[in-house]
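Throughout, read-outs are computed from the coordinates displayed, never taken from laboratory work. Since we're looking at a predicted model, the values are computed, not measured. As a convention, Cβ positions derive from the backbone with ideal geometry for all residues, glycine included, and neighbour counts pool all protein chains shown.
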Amino acid sequence: MYQKLILIGNLGGDPEMRYMPDGKPVTSFRVATNRRFKDKDETTWFKITVWGAQAESCNQYLHKGSKVLVEGRLNPDTNGSPKVYQRRDGTWGANYEVSAQVVRFLTPRGEGVGVEEEEAPEDDIPF
């Protein structure tokens with residue numbers, strides 16, 4: 001059996017990194033994926049978990065709004081379904097949890113929240 005999930009979406013908040021008791025880094029973040037229909041948009045949220053050196057890179061370079069491609073596997077509950085929960089308002093929701101093997105950063109460097117671009121001085125133009 002083989003399972004692979006590929007998602008492209010945007011981070012819903014800044015990543016959170018922590019260390020396991022053995023010192024291994026783990027980073028978690030949420031990714032929103034969107035589908036457009038004629039009359040409405042549909043957003044699905046995924047909780048992503050990344051381990052090791054890649055977890056450190058995600059924590060360092062990703063931020064709210066970053067566009068990413070995630071390759072990984074779905075972590076279902078014990079019955080093989082998404083993890084279902086009841087919200088405070090009484091409605092039901094589902095958590096889709098993904099263990100990432102690969103995270104690719106799709107937002108170009110210098111774009112995004114909190115990053116300022118530098119302008120070249122006019123004297124340094126090479127012509």
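Scanning the chain for GluC sites (Glu not before Pro) lying in DSSP loops with no more than 11 further Cβ atoms inside 10 Å, the longest uninterrupted stretch between such sites is 1-110. By the count of other C-beta atoms within 10 Å, a proxy for reagent exposure, 102, 68, 50, 26 are ordered fewest to most as 102, 26, 68, 50.
Could you name the lysines whose alpha carbon sits less than 19 Å from that of residue 4, not counting residues in the same chain fewer than 8 places away? Reachable lysines: 47, 83. Given the choices (i) 13, 46, 35, 6, 0; (ii) 11, 34, 31, 14, 6, 2, 1; (iii) 13, 44, 28, 11, 3, 0, P(r) over Cα pairs in 10 Å bins from 0, in percent derived from the coordinates of this structure is entry (ii).
Taking 0.36 nm per residue of separation and subtracting the current Cα-Cα distance, fully stretching the chain between residue 109 and residue 16 would add 31.4 nm. Which trypsin sites (Lys or Arg not before Pro) in the range 1-62 pass both tests, a DSSP loop state and at most 11 other beta-carbon atoms within 10 Å? Taking the range 1-62 and a limit of 11 other Cβ atoms within 10 Å, the loop trypsin sites (Lys or Arg not before Pro) found are 4, 38, 40.
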